[in-house]
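The values are calculated or read from the model by the stated rules, or taken from the named source; none is laboratory data. Note that the structure is a prediction, hence the values are computed from the model and not measured. Cβ placement follows ideal geometry from the backbone for every residue including glycine, while neighbour counts extend to all protein chains displayed.
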Amino acid sequence: MKTTIYTHESGLTHDTGEAHPERADRLRVIYDLLDTPPFDTLPRVKPPPAEMDHLLLAHIPDYIETVENMIPPMGVVDWGGEVMLSPGTWESALRAVGAGCLAVDDIFQNKTTRAFCAVRPPGHHALPDRAMGFCLFNNIFIAARHAQISYGVKKIAIIDFDVHHGNGTDHMTRSHDGSILFISTHQYPLWPMSGHPDDNEDSVQNWILPPESGSEIFRKLYETHVFPAVKDYAPDLIMISAGFDAHQDDPLGGLNLTADDFEWVTRHLCTLANLTAQGRILSMLEGGYDLNALRESVSAHLRALISSG
Ligand SMILES: [Zn+2]
């Protein structure tokens, strides 16, 4: 099955200042990886900036306007301690959203089956009216709504294996009409301290992993809860919030996973996509802050995406 990479070099211009974990080097190591076999033969597409209508699928107008007005003409602005803004941030953020939307277009116009969006800033913590946790716009939720509105996709499953709870996507899915299934697995307790299974409902399922869980507990959780739920739901499209900060070397997470675990979970999601979604998978980069671990994990994730036909 054809896998396409969606990325734009403007992602390198979102400057977060000194010693910030969510930094341009993250994208640089992915670009280095993409220049090596077997990934150097994958088509690479540059997404256009998202339109205002796309942003409005997840965010209120006041918030979008505030973000644009906050962008400094030079230097780096610390916006609330978690989100940094620089002159390149606006274009970078718009093209991150644009990547997901173009990937949806290409998937449903049969130009590709699988998509990996190598973008920053990440998106899964972004709320309708607030930036949070390095995230400005909710790239994956916007892409899901675009798939529903433009292509009439009935059932979309979003799986989030970032070490942190995808609270923004959780919130948006919960407030929506039940036509999206969101499943997040994350370390708990850990920032943002939300996403407890006590609050689960049909369309939002959170599953928690204690610190230092490791491969066995992670895989058991997916085999027990996540894969059966996705299979029962029978999605027409599987989307992945692919954060790699659950890796054992990550400075922000503590779940002790390895790149093999990311390959394993991706292969299983590909198998599920092959059953009901004609193989369609859209994966969106979220976290992952140790550069070597990120490179190794993205490599594992892509290997599974391109080989699980
Ligand atoms: Zn994370």
Test result for residue 96, within 16 Å of the ligand (Cβ to nearest atom) and surrounded by 24 or more Cβ atoms within 10 Å (Cβ to Cβ) = yes
ask   = Does residue 141 fit the bill of being surrounded by 24 or more Cβ atoms within 10 Å (Cβ to Cβ) and closer than 18 Å to residue 82 by Cα?
value = no
message = So the check is Cβ under 7 Å with 6+ separation or different chains; which pairs have a first residue in region 111-136 that's closer than 16 Å to residue 281 by Cα and a second one that's of a type in the set (Val, Ile, Thr) and assigned to a strand (DSSP E or B)?
response = 112/3; 112/4; 114/3; 114/281; 115/4; 116/3; 116/5; 118/5
query = From 96, 58, which residue is under 29 Å from residue 149 (Cβ atoms) and not in a loop (DSSP other than H, G, I, E, B)?
reply = 96
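Right, residue 108: away from the ligand (no atom under 15 Å from the Cβ), among the hydrophobic types (A, V, I, L, M, F, W, C), out of contact with any Leu (no Cβ under 8 Å at 6 or more places or on another chain) and more than 21 Å from residue 176 (Cα to Cα) or not?
Values: away from the ligand (no atom under 15 Å from the Cβ): yes; among the hydrophobic types (A, V, I, L, M, F, W, C): yes; out of contact with any Leu (no Cβ under 8 Å at 6 or more places or on another chain): yes; more than 21 Å from residue 176 (Cα to Cα): yes.
Yes: the conditions hold for residue 108.
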inquiry  = Among the residues in region 106-117, are any under 21 Å from residue 150 (Cβ atoms), crowded, with 19+ Cβ neighbours inside 10 Å and in contact with an Asp or Glu (Cβ under 6 Å, 6 or more places away or on another chain)?
reply    = yes
inquiry  = Checking residue 138 against (1) within 16 Å of the ligand (Cβ to nearest atom); (2) closer than 17 Å to residue 101 by Cα; (3) over 10 Å from the mean Cα position of the chain (by Cα): exactly one of these is not met. Which one?
reply    = (3)
request  = Tell me which residues, restricted to region 1-38, are at pLDDT 95 or above, out of contact with any Leu (no Cβ under 6 Å at 6 or more places or on another chain) and of a type in the set (A, V, I, L, M, F, W, C).
outcome  = 30, 33, 34
request  = State all residues of region 139-177 that are in contact with a strand residue (DSSP E or B) (Cβ under 8 Å, 6 or more places away or on another chain) and either modelled with pLDDT under 95 or in a loop (DSSP other than H, G, I, E, B) (or both); if no residue qualifies, say none.
outcome  = 153, 155, 161, 162, 163, 164, 165, 166
remark   = The number of residues in region 167-183 that are in contact (Cβ under 8 Å) with a residue 40 or more places away in the chain and within 17 Å of residue 281 (Cβ to Cβ) is 3
query = Among the residues of region 150-166, how many are over 13 Å from residue 237 (Cβ atoms) and in contact (Cβ under 8 Å) with a residue 60 or more places away in the chain?
reply = 6
request  = For residue 111, indicate whether it is more than 17 Å from residue 7 (Cα to Cα) and in a loop (DSSP other than H, G, I, E, B).
outcome  = no
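State which residue is farthest from the chain's Cα centre (by Cα) when the search covers only region 262-309 and only residues that are more than 10 Å from residue 244 (Cβ to Cβ) and within 16 Å of the ligand (Cβ to nearest atom). I'd like the intermediate steps shown before the answer.
Initially, region 262-309 is screened for residues more than 10 Å from residue 244 (Cβ to Cβ), giving 263-284, 291-292, 299, 302-309.
The next check asks that each one be within 16 Å of the ligand (Cβ to nearest atom); those that pass are 265, 283-284, 291.
Details: 265: 15, 283: 6, 284: 4, 291: 17 Å.
Taking the candidates together, the pick is 291.
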message = Condition (residue is in contact with a helix residue (DSSP H, G or I) (Cβ under 7 Å, 6 or more places away or on another chain) and part of a strand (DSSP E or B)) applied to region 188-197: is it met by at least one residue?
response = no
